[in-house]
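S.K.: Below is the structure I would like to discuss, written out as structure tokens.
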2 protein chains.
Amino acid sequence: MEASEIDLPTVRDVRDAAQRIAPYVVRTPTIRAYRLERRLGGPRLWLKCENLQRIGAFKARGAVHAVLRLVERRRPRALVTYSSGNHAQAVAYAGTVTGLPVIVAMPEDAPAIKVAGVRALGARVVFAGTTSEHRRVAAERIAAEEDATIVQPFDDPDIIAGQATATLELDQDVHEAVGRSPDVLYVPVGGGGLVAGAALAAADGTRIHTVEPATCDAMARSLEAGERVAVEPGPTLADGLKPVKVGVRNFEIVRRRGATPVRVDDDDIGAALVALLRDEHLLVEPSAAAALAAAFRAEPAPDVQDVAVVLSGGNVAPELVGDLLGRYGGEP
Amino acid sequence: MEASEIDLPTVRDVRDAAQRIAPYVVRTPTIRAYRLERRLGGPRLWLKCENLQRIGAFKARGAVHAVLRLVERRRPRALVTYSSGNHAQAVAYAGTVTGLPVIVAMPEDAPAIKVAGVRALGARVVFAGTTSEHRRVAAERIAAEEDATIVQPFDDPDIIAGQATATLELDQDVHEAVGRSPDVLYVPVGGGGLVAGAALAAADGTRIHTVEPATCDAMARSLEAGERVAVEPGPTLADGLKPVKVGVRNFEIVRRRGATPVRVDDDDIGAALVALLRDEHLLVEPSAAAALAAAFRAEPAPDVQDVAVVLSGGNVAPELVGDLLGRYGGEP
């Protein structure tokens, strides 16, 4: 598919999405991180708390938006999806909002807490192999057999417009607080739904940094190459940031915006997660901590007054949090 | 001092306090706890997030208010206080707001993290013995020698009116969200500043529960006896809830309101802290978890639609959080 052929959402679509989903999602707070911002040596630090969103992650925005749009066009009989992470819970939640049954293809080795999260929202779980390809095939079979409609995780205009509402609110909140938009915005990148949304919704003067683990840097490599590049994801704490390739639409929107890629490693991520917990009392998943870590690592710049981070979500196993507290909790 | 002689703040004082402190404190969010409220079997659960307040606890409200009032009357030369906990940081913060030097008498065995927190806000630390009596005597000596003014931790009308602003905002937020006030409100009790404020600021129809560790139940025993009773504080996770006696004013305001006492134990507190962290992604100190634990333990009542909890603060040592995650993290 060529960039010239694809349907890209616009900032107007983002405003429409915000109106459409408002009754079903949380207008999460934007927190000024007074303690952590001392590390930046000057600028204010703003955190958009999508860890306090329905289902604990921004994915509720895109899924609810996409499903509401489906229903407006032609009410589906059922919904099916194949993410094993937050998108699965997000579609399950969208099912409760619209009264549609939801089926989720999950890996046979999915953590019990994730399976329980999806089931607690009333969705049916179908186990299908261990790879994302297994799950995609299973989802397509279910879609055909049960006349169910697939809800894509990130490469979809309605999903992107929904995720963009987080950045729209962040910009509004910072503007209300200090009369200006953030100079810099850090956004974690998995498939690229959140950051493509940020590229649509951020103010013109806001510089966007895409943040990825150094071991799974599909967006960084793609931006550097000027075209989408596939990577073999290596090990990382940030299990939400491991797609092989970013979405077509997502890449195109981010490329046009001129975003700058940043890579972080597991030590950065773990230390940022613990610092945020200890100093600001917010728990985030490693993907969100990656974005914060990138903000910590930036060189001070005299023209930067307001730095913002989208804390994408907070669903993380208690055992991992305990491990990270043990490893990084003693640091000042 | 007889109840008839003491100066008690009024709801009008609370509104004045809210205006006075607004530029210096955070209007913390009130979160609806969608996941945790399933445990209540019906009602909505609202959490007032004072763990996201300046210095990480509601104490910033009372201290800033009391110090601003002092400055309005006659600008003090310096401030002195003798709490080893959040109140010390709160007065240190009030010093930064007003440009006044602050001296804090702390125990010789104070945790390094608490000493560092006070010093990071520019206050001078004076070590004085190990008991609260040692610290009080030291503070009074410093006040006399250095012409400094003591800022009391809880038994003071300006402190109470300041702490009350948290409940005022909570009531406003719940009202805005669902058009009614909470039916029930759970508030942790140390010296009683927060709960006395709640008793002033909560809507008439809101039933207030005072929450304490069973081992340090000064307010419960006092309410049951109809007069202030001193206790010998036993061991508890909730180190913020250990005064020997609640304040004169605090008790009188709570008694007149007709609040109901609740006692919780360390297992309740630890499990509630971990559940809040895992399900809602908020870190609180054990005192705040105690109030949430009390809400979990309440019998379902058909007339209760909205339950609210004041999460008093979030300053807790990372090692303790790690321990509690290990002990309670596996529970569903």
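The values are calculated or read from the model by the stated rules, or taken from the named source; none is laboratory data. A quick note: this is a predicted structure, and the numbers were derived from the prediction, not measured. Don't worry about glycine lacking a Cβ; one is built from the backbone with ideal geometry, like all the others, and counts go over all protein chains shown.
S.K.: Looking at (1) on the phi > 0 side of the Ramachandran plot; (2) out of contact with any Leu (no Cβ under 9 Å at 6 or more places or on another chain), which one does B:S222 not meet, given that it meets all the others?
M.R.: (1) is the only condition that B:S222 fails.
Residue-by-condition table, conditions (1) of a type in the set (S, T, N, Q); (2) within 29 Å of B:I160 (Cβ to Cβ); (3) within 12 Å of chain A (Cβ to nearest Cβ):
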| site | (1), (2), (3) |
| --- | --- |
| B:E252 | no, yes, no |
| B:R263 | no, yes, no |
| B:L273 | no, yes, yes |
| B:H281 | no, no, yes |
| B:Q305 | yes, yes, no |
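S.K.: May I pose another question? I need a count of the residues in region B:98-123 that are among the basic types (K, R) and buried (at least 17 other Cβ atoms within 10 Å of the Cβ). Break it down into steps so the answer makes sense when it comes.
M.R.: At the first step, the residues of region B:98-123 found to be among the basic types (K, R) are B:114, B:119.
Within this subset, residues satisfying the condition of being buried (at least 17 other Cβ atoms within 10 Å of the Cβ) are B:114.
Counting residues in region B:98-123 that are among the basic types (K, R) and buried (at least 17 other Cβ atoms within 10 Å of the Cβ) gives 1.
S.K.: Could I ask something else about it? Consider A:L185 carefully, then state whether it is crowded, with 24+ Cβ neighbours inside 10 Å and either out of contact with any helix residue (DSSP H, G or I) (no Cβ under 7 Å at 6 or more places or on another chain) or among the charged types (D, E, K, R) (or both).
M.R.: Working: crowded, with 24+ Cβ neighbours inside 10 Å: yes; either out of contact with any helix residue (DSSP H, G or I) (no Cβ under 7 Å at 6 or more places or on another chain) or among the charged types (D, E, K, R) (or both): no.
No, not satisfied.
S.K.: If you go through region B:153-168 one residue at a time, do you hit one that is at pLDDT 95 or above and more than 21 Å from B:A18 (Cα to Cα)?
M.R.: no
S.K.: Continuing with the same structure: Residues of region A:33-81 being part of a loop (DSSP other than H, G, I, E, B), of a type in the set (K, R) and more than 11 Å from chain B (Cβ to nearest Cβ), which ones?
M.R.: Of region A:33-81, the ones part of a loop (DSSP other than H, G, I, E, B) are A:33-35, A:41-43, A:53, A:58, A:74-77.
With of a type in the set (K, R) added as a condition, the list becomes A:35, A:74-75, A:77.
Within region A:33-81, A:R74, A:R75, A:R77 qualify.
S.K.: On the given criteria, is A:A33 more than 20 Å from the chain's Cα centre (by Cα) and not aromatic (F, W, Y)?
M.R.: Working: more than 20 Å from the chain's Cα centre (by Cα): yes; not aromatic (F, W, Y): yes.
Yes; evaluated as a whole, the condition is true for this residue.
S.K.: With the structure loaded, tell me whether B:A218 is of a type in the set (A, V, I, L, M, F, W, C) and in contact with a Lys or Arg (Cβ under 8 Å, 6 or more places away or on another chain) or whether it fails that test. Before you say what the answer is, go through the steps one by one.
M.R.: Working: of a type in the set (A, V, I, L, M, F, W, C): yes; in contact with a Lys or Arg (Cβ under 8 Å, 6 or more places away or on another chain): yes.
In short, yes.
S.K.: Look through B:T206, B:T210, B:T165 and report the one residue that is over 17 Å from B:V64 (Cα atoms), among the polar types (S, T, N, Q) and crowded, with 24+ Cβ neighbours inside 10 Å. Talk me through it step by step, then tell me what you get.
M.R.: On the way: B:T206 fails: crowded, with 24+ Cβ neighbours inside 10 Å; B:T165 fails: over 17 Å from B:V64 (Cα atoms).
From the options B:T206, B:T210, B:T165, the qualifying one is B:T210.
S.K.: Among the residues in region B:127-147, are any within 30 Å of A:A275 (Cβ to Cβ) and touching a Gly at 6+ places or on another chain (Cβ under 6 Å)? Let's see the steps before the verdict.
M.R.: Taking region B:127-147 and keeping what is within 30 Å of A:A275 (Cβ to Cβ), we get B:127.
In the following step, the residues that additionally are touching a Gly at 6+ places or on another chain (Cβ under 6 Å) were identified as none.
Within region B:127-147 (the criterion being within 30 Å of A:A275 (Cβ to Cβ) and touching a Gly at 6+ places or on another chain (Cβ under 6 Å)), the answer is no, since none of the residues qualifies.
S.K.: Right, another one. For region B:309-319, what are the residues that are without any contact (Cβ under 8 Å) to a residue 60 or more places away in the chain and in contact with a Pro (Cβ under 8 Å, 6 or more places away or on another chain)? Reasoning before the result, please.
M.R.: At the first step, the residues of region B:309-319 found to be without any contact (Cβ under 8 Å) to a residue 60 or more places away in the chain are B:316, B:318-319.
Listed by number, the list holds a single entry, B:V316.
S.K.: Looking only at region B:1-46, count every residue that is touching a Gly at 6+ places or on another chain (Cβ under 6 Å) and either farther than 22 Å from B:A57 by Cβ or surrounded by fewer than 18 Cβ atoms within 10 Å (Cβ to Cβ) (or both) and tell me the total.
M.R.: Summing the residues that are touching a Gly at 6+ places or on another chain (Cβ under 6 Å) and either farther than 22 Å from B:A57 by Cβ or surrounded by fewer than 18 Cβ atoms within 10 Å (Cβ to Cβ) (or both) in region B:1-46 gives 0.
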